[in-house]
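Written out below as structure tokens is the structure these notes cover.
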Amino acid sequence: MILVTLIGIPILAGLLGWMLGRRNPAWPRGLALAATLSVLALGLYIGLTPPENTPWLRQVRLPWIPQLGVGMHLAVDGLSLLLVLLTGLLGSVAVIVAWREITDRVGFFYFNLLAALAGLIGVFLALDLILFFCCWELMLVPVFLLITIWGQRQRHEAAIKFLLFTQLSGLLMLLAMLALVFVHWRVTGQFTFNYVALLGTMPPPAVAMLLFLGFFAAFAVKLHIVPVHSWAPDAYVAAPTAVSVVLAGIMLKAGAYGLLRFAIPLFPQSAEAFAPVAMGLAVITILYGAVLALGQTELKRWLAYAGISHMGVALLGVFAWNQWSLHGVVILLLAHGIGTAGLFVLARMVRERCNSADLRDLGGLWSTMPRLSAVAMLLMLALLGLPGMGTFIGEFLVLLGAFGVSPLVTALAALGIILSAVYTLRVLYRGWFGPPRDGQASVDLSRGETALMAVLVGIILWLGLFPQPVLRAVSPSIDDLRMATRGLMVMEHPAPLVRLIGWGGER
Amino acid sequence: MNHADYLSLAPLLVTAATAVAVLLAIAVRRSHAAAFIITACGLILALLSLGLPLRHAPRGVTPLLLMDGFTLAVIGLVLAATLGVALFAHGYLARLRLAGDEFYVLLLLVAVGACVLAAADHFAALFLGMETTSIALYGLIGYRRGHRLGLEAAIKYLVLAGVTSAFVLFGIALIYADTGSLLFMALANGNSLLLPAGIGLLLVGLAFKLAFVPFHLWIPDVYEGASAPVAALIATVAKLGAFAALFNLLWSVMQPGSSVCIAVILLAVLSMFVGNLLALQQKNIKRLLAYSSIAHFGYLLVVVIAEDVLLATIAALVYLTAYTLTTLGAFGVMIQLSNADGDADHLEAYRGLAWRRPWLAGVMTAMLLSLAGIPLTAGFIAKFVLLSSGVDAQLWLPIFALVISSVIGLYYYLRILLTLYRAPEAQPASAPLPFTGGVALAVLLLGVLWLGIYPAPFLTLLEHLLTYLR
């Protein structure tokens, strides 16, 4: 039942805050913070207490629409737990950021924010395809409203683009789900949308490939892989900061999670056949995002393209599908989520102080705001993958895993990571060094802001220096996922270099 | 006609008797309130009497009508939708200071016609039902006598209905010439070319009534010209009856790959795309809803060609229910915003509604999301069941058309949604919500959400009903 509570708390707090918010806007704010913090606390509680049953840490099955084979099946393992924790953490950050940013219709704002978070938690917990789909769509409408009502210029276009992209790909996924269920029904006579039951279904290869592509479309759009990325920069720039934090920090990760949990284990052969294409797309995404990030002057847009580039790395790791790359993907998702969220908050702080978050108007921030600049430097170093930071561990493991599969692809991806150093240092250089510009208020971070950023930076450092607890938490889930693909999707023939160094054994 | 026959016909008899009762009441004393109360009570009684035919279902009452589970479900929807329109019309007519009494008589006649259409098992009943609906609707569309567009729409509908009747009658004549019978069942055993020709003409006639592309040109003008409650009536009650008739009629002749099947697929795909594309640039909400209804009935045609009878029937009923709830809700909001200055059918009338009248905007939001098929609303469950039925029958072409065109559709629903949440320009005085309309809207909102969040009991009810299939 604790899992139902996890989804229920944000929704209830949102509704309550909306009702009470008419009198006093402090209510929705306080309730929202309490809700996100309790999600975090419940997540930690699940992680620290011994599991109830295997293979899931916690599991609940309730009937929902039995006539259609749809059930309320929620379960959590290490992978989903970490993402729920990320949701709780970044949800709290978003709530705190919105505290002063949003002064208009506060109750409704927090209702939408919390509904989106509830949808996300549902996505990470659902083990029934239709329940998953409902949660997947449930987060769209609140985000749409958040962007259109509280966003900045060009918000309507950005919001509509966001919704159309995700909806079209979502419907393709729904179609694939239905087709899969009917194939399963024809073979076994059991009509169910339950993930565990559907795992062994083997549709004919041609059909399986189409179904796999349906799932892949939905997740690729969320992960903004290159041909379907164009909604992302617009949405990030137009959205209020709190929403950018949720979008870039958590919602993207749902795309990678979907690939890991659903698309590949349900259709291992198709995934294997498709892997070269996916890895090619990953490389294109990495390089394309990096090259465009080089030319951006607006901080939020720059972050969007940097995010596109990094999610390319995640896609590469997912399709390399071995121990190293998968562990790397998880660390990368967490570290990138926290780092990007921190940078979005930072862009907002710069904007508040200098009335602009455009590099052409900035300069010499280091001399006027040392504390803010120190945080900026740490976060940017994390983004470019400096050793000691979480992103480094993630990217290193992904590249290590991918190298065994395709040295060429890995080399190209590494090129993108070099570019990431260039575009990050360029921003740092132009914005923070040099002579200060006129008209910049020199108000450094307040104590509260420092504390918030310190928490984020601390977690990134922790992920970089002691990733072992996280790796240990996800290892069983990754083993299960790889078991589900029953030896497929394992790239045989380790590259000679890897074998030479003696790394080839465990894969 | 014996005892069981009368029991089987109870809902129809009660509705027809209510119409007579309203007429008699008008003869005694003209009173809007009295006419409304008699109508509402009569319709509620008719809804309650739906339980009576169940014991004898499926039962043919005379050769003309057949009361089975599907028919009863559609009749229930028709009666509920008529009740909803009556509740909305009460406040609307009072605001416009229109004489209300005859309105309810015509309203009830439309309902009777639609029920007969849904129960028809014989071409004579089909024709009778169609004509009863049409004749009552002429009067309703032209009800605002001074209104130029209204009169134009009434004339247009008159011409349309005349053309439809001609097509249908000619089709029936051809079928009779071939099979020598007027029963629907006769369609299965014709042996000359006259039969397909007859079926084709019938299909064209019904396609005119349901406004499938390319027979759709009348519908936006008629919606725009008719007053908002009447447009709601055309969109729900009249279409429900006609669709049920089409469904009953085509089941007996539909074979995969037959020419009828191909024609239906063509109608479906065209309706989905053309309906949604034409709605894209609409600024008039009534016309927009007209085009969106074209697309929705295009989606519904998928079930007519699906293989599995039970699944298809459930899909049809769930979709019709969701469509009726949602369309009535959207029109209901429009009716609440309409006053003597004109109907609130322009997009600008909805600007900033969320900050002026949050409850109405909330209802409208739910209805738009449901029309767009977003989860946790009735529209999603309906689309889900519909897609299941299509995937089961492997109708890939119409299904892909459905998916693509419903994303096109999403765009214009979103545009209305955006308008609702834009900053308002001026603050017009907000009128209080009339009691009857408020109750109807609340029920519709709850229905849409309940069906979207926990549809299991409703599905159980349908399964139970469909054990009485013909």
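If only one of A:Ala278, A:Ala238, A:Ala242 is under 26 Å from A:Leu412 (Cβ atoms) and among the small types (Gly, Ala, Ser), which one is it? Show your work before the answer.
Working: A:Ala238 fails: under 26 Å from A:Leu412 (Cβ atoms); A:Ala242 fails: under 26 Å from A:Leu412 (Cβ atoms).
Among A:Ala278, A:Ala238, A:Ala242, only A:Ala278 is under 26 Å from A:Leu412 (Cβ atoms) and among the small types (Gly, Ala, Ser).
To keep it simple, each residue is scored yes or no on (1) crowded, with 24+ Cβ neighbours inside 10 Å; (2) more than 14 Å from B:Leu301 (Cα to Cα); (3) acidic (Asp, Glu).
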position	(1), (2), (3)
B:Leu158	no, yes, no
B:Gly180	no, yes, no
B:Pro196	no, yes, no
B:Ala235	yes, yes, no
B:Ile265	no, no, no
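Tell me the residue from A:Leu425, A:Leu408, A:Leu384, A:Leu419 that is among the hydrophobic types (A, V, I, L, M, F, W, C) and in contact (Cβ under 8 Å) with a residue 60 or more places away in the chain, please. Walk me through how you get there before you give the answer.
Numbers: A:Leu425 fails: in contact (Cβ under 8 Å) with a residue 60 or more places away in the chain; A:Leu408 fails: in contact (Cβ under 8 Å) with a residue 60 or more places away in the chain; A:Leu384 fails: in contact (Cβ under 8 Å) with a residue 60 or more places away in the chain.
It is A:Leu419.
Within the set of pairs 6 or more residues apart or between chains, which connect a residue that is part of a helix (DSSP H, G or I) inside the range A:10-35 to a residue that is charged (D, E, K, R) with Cβ atoms less than 9 Å apart?
As it stands, the answer is A:Gly17/A:Arg29, since those pairs meet every condition given.
Looking at the range A:53-74 only, could you name the residues that are out of contact with any strand residue (DSSP E or B) (no Cβ under 7 Å at 6 or more places or on another chain) and either buried (at least 20 other Cβ atoms within 10 Å of the Cβ) or within 11 Å of another protein chain (Cβ to nearest Cβ) (or both)? Steps first, please.
Of the residues in the range A:53-74, the ones out of contact with any strand residue (DSSP E or B) (no Cβ under 7 Å at 6 or more places or on another chain) are A:54-55, A:65-69.
Within the range A:53-74, A:Ile65, A:Pro66, A:Gln67, A:Leu68, A:Gly69 meet the criteria.
Could we say that B:Asn276 is farther than 24 Å from B:Leu451 by Cα, among the polar types (S, T, N, Q) and touching a strand residue (DSSP E or B) at 6+ places or on another chain (Cβ under 7 Å) here?
On the way: farther than 24 Å from B:Leu451 by Cα: yes; among the polar types (S, T, N, Q): yes; touching a strand residue (DSSP E or B) at 6+ places or on another chain (Cβ under 7 Å): no.
No, not satisfied.
Exactly one condition in (1) surrounded by fewer than 24 Cβ atoms within 10 Å (Cβ to Cβ); (2) under 26 Å from B:Val403 (Cα atoms) is false for B:Trp359; which is it?
Of everything listed in (1) surrounded by fewer than 24 Cβ atoms within 10 Å (Cβ to Cβ); (2) under 26 Å from B:Val403 (Cα atoms), B:Trp359 misses just condition (2).
Please pick out the residue among B:Ala378, B:Ala349, B:Ala344, B:Ala382 that is touching a Gly at 6+ places or on another chain (Cβ under 6 Å) and of a type outside the set (S, T, N, Q). Walk me through how you get there before you give the answer.
Numbers: B:Ala349 fails: touching a Gly at 6+ places or on another chain (Cβ under 6 Å); B:Ala344 fails: touching a Gly at 6+ places or on another chain (Cβ under 6 Å); B:Ala382 fails: touching a Gly at 6+ places or on another chain (Cβ under 6 Å).
It is B:Ala378.
Among the numbered criteria (1) β-branched (Val, Ile, Thr); (2) surrounded by fewer than 24 Cβ atoms within 10 Å (Cβ to Cβ); (3) within 11 Å of chain B (Cβ to nearest Cβ), which one does A:Thr192 miss?
Every listed condition holds for A:Thr192 apart from (3).
Look at B:Leu126 and say whether it is surrounded by fewer than 21 Cβ atoms within 10 Å (Cβ to Cβ), in a helix (DSSP H, G or I) and not aromatic (Phe, Trp, Tyr). Give the steps one after another, and end with the answer.
Details: surrounded by fewer than 21 Cβ atoms within 10 Å (Cβ to Cβ): no; in a helix (DSSP H, G or I): yes; not aromatic (Phe, Trp, Tyr): yes.
When the stated conditions are applied, B:Leu126 does not pass them.
Would you point out the residue of the range B:285-343, among those that are of a type in the set (Phe, Trp, Tyr) and either within 13 Å of the chain's Cα centre (by Cα) or more than 27 Å from B:Leu466 (Cα to Cα) (or both), that is surrounded by the most Cβ atoms within 10 Å (Cβ to Cβ)? Lay out the reasoning, then the answer.
First, pick out the residues of the range B:285-343 that are of a type in the set (Phe, Trp, Tyr): B:291, B:297, B:299, B:319, B:323, B:331.
Checking which are either within 13 Å of the chain's Cα centre (by Cα) or more than 27 Å from B:Leu466 (Cα to Cα) (or both) leaves us with B:291, B:297, B:319, B:323, B:331.
Values: B:Tyr291: 26, B:Phe297: 27, B:Tyr319: 26, B:Tyr323: 27, B:Phe331: 29.
That would be B:Phe331.
Got at least one residue in the range A:418-433 being closer than 17 Å to A:Leu333 by Cβ and in contact with a Ser or Thr (Cβ under 7 Å, 6 or more places away or on another chain)?
First pass over the range A:418-433, keeping only residues closer than 17 Å to A:Leu333 by Cβ: A:420.
Adding the requirement that they be in contact with a Ser or Thr (Cβ under 7 Å, 6 or more places away or on another chain) leaves A:420.
Yes: the range A:418-433 contains one or more residues that are closer than 17 Å to A:Leu333 by Cβ and in contact with a Ser or Thr (Cβ under 7 Å, 6 or more places away or on another chain).
Just for helices (runs of 4 or more DSSP H) wholly inside the range A:422-507: which have at least 3 residues that are modelled with pLDDT of 85 or more? Give the steps one after another, and end with the answer.
On the way: elements: A:447-465, A:468-484, A:496-501.
Ranges flagged: A:447-465, A:468-484.
Does A:Gly434 satisfy the condition of being on the phi > 0 side of the Ramachandran plot, free of Cβ contacts under 8 Å to residues at least 60 places away in the same chain and assigned by TED's automatic domain parsing to the domain that holds A:Val470?
Working: on the phi > 0 side of the Ramachandran plot: yes; free of Cβ contacts under 8 Å to residues at least 60 places away in the same chain: no; assigned by TED's automatic domain parsing to the domain that holds A:Val470: yes.
Spelling it out, it is not the case that A:Gly434 is on the phi > 0 side of the Ramachandran plot, free of Cβ contacts under 8 Å to residues at least 60 places away in the same chain and assigned by TED's automatic domain parsing to the domain that holds A:Val470.
Go through the range B:353-451 and tell me which helices (runs of 4 or more DSSP H), entirely inside it, have 1 or more residues that are farther than 22 Å from B:Ala268 by Cα, within 11 Å of chain A (Cβ to nearest Cβ) and modelled with pLDDT of 90 or more.
On the way: elements: B:353-356, B:358-372, B:378-392, B:396-421.
Passing ranges, in order: B:358-372, B:396-421.
Being part of a helix (DSSP H, G or I) and within 14 Å of another protein chain (Cβ to nearest Cβ) narrows it down to one of A:Ala206, A:Ala220, A:Ala197, A:Ala232, so name that one.
Numbers: A:Ala220 fails: within 14 Å of another protein chain (Cβ to nearest Cβ); A:Ala197 fails: within 14 Å of another protein chain (Cβ to nearest Cβ); A:Ala232 fails: within 14 Å of another protein chain (Cβ to nearest Cβ).
Result of the check over A:Ala206, A:Ala220, A:Ala197, A:Ala232: A:Ala206.
Restricting the first residue to the range A:335-357 and requiring it to be closer than 21 Å to A:Thr391 by Cβ, which pairs with a second residue that is of a type in the set (Asp, Glu) and not in a helix (DSSP H, G or I) meet a Cβ separation below 9 Å and a spacing of at least six or different chains?
Sorted first by the residue in the range A:335-357, then by its partner, the pairs are A:Ala347/A:Glu298.
Determine whether the range B:280-288 contains at least one residue that is within 25 Å of B:Leu106 (Cβ to Cβ), part of a helix (DSSP H, G or I) and in contact with a strand residue (DSSP E or B) (Cβ under 8 Å, 6 or more places away or on another chain).
For the range B:280-288, residues within 25 Å of B:Leu106 (Cβ to Cβ), part of a helix (DSSP H, G or I) and in contact with a strand residue (DSSP E or B) (Cβ under 8 Å, 6 or more places away or on another chain): present.
Can you name every one of the helices (runs of 4 or more DSSP H) wholly within the range A:292-393 that holds 3 or more residues which are among the small types (Gly, Ala, Ser)?
Details: elements: A:299-320, A:323-354, A:365-368, A:370-383.
The helices (runs of 4 or more DSSP H) meeting that bar are A:299-320, A:323-354, A:370-383.
Among the listed residues B:Val116, B:Val110, identify the single one that is at pLDDT 95 or above and in contact with a strand residue (DSSP E or B) (Cβ under 9 Å, 6 or more places away or on another chain).
Being at pLDDT 95 or above and in contact with a strand residue (DSSP E or B) (Cβ under 9 Å, 6 or more places away or on another chain) holds for just one of B:Val116, B:Val110, which is B:Val116.
The values are calculated or read from the model by the stated rules, or taken from the named source; none is laboratory data. Predicted, not measured: the structure shown is a model, and the values here were computed from it. Don't worry about glycine lacking a Cβ; one is built from the backbone with ideal geometry, like all the others, and counts go over all protein chains shown.
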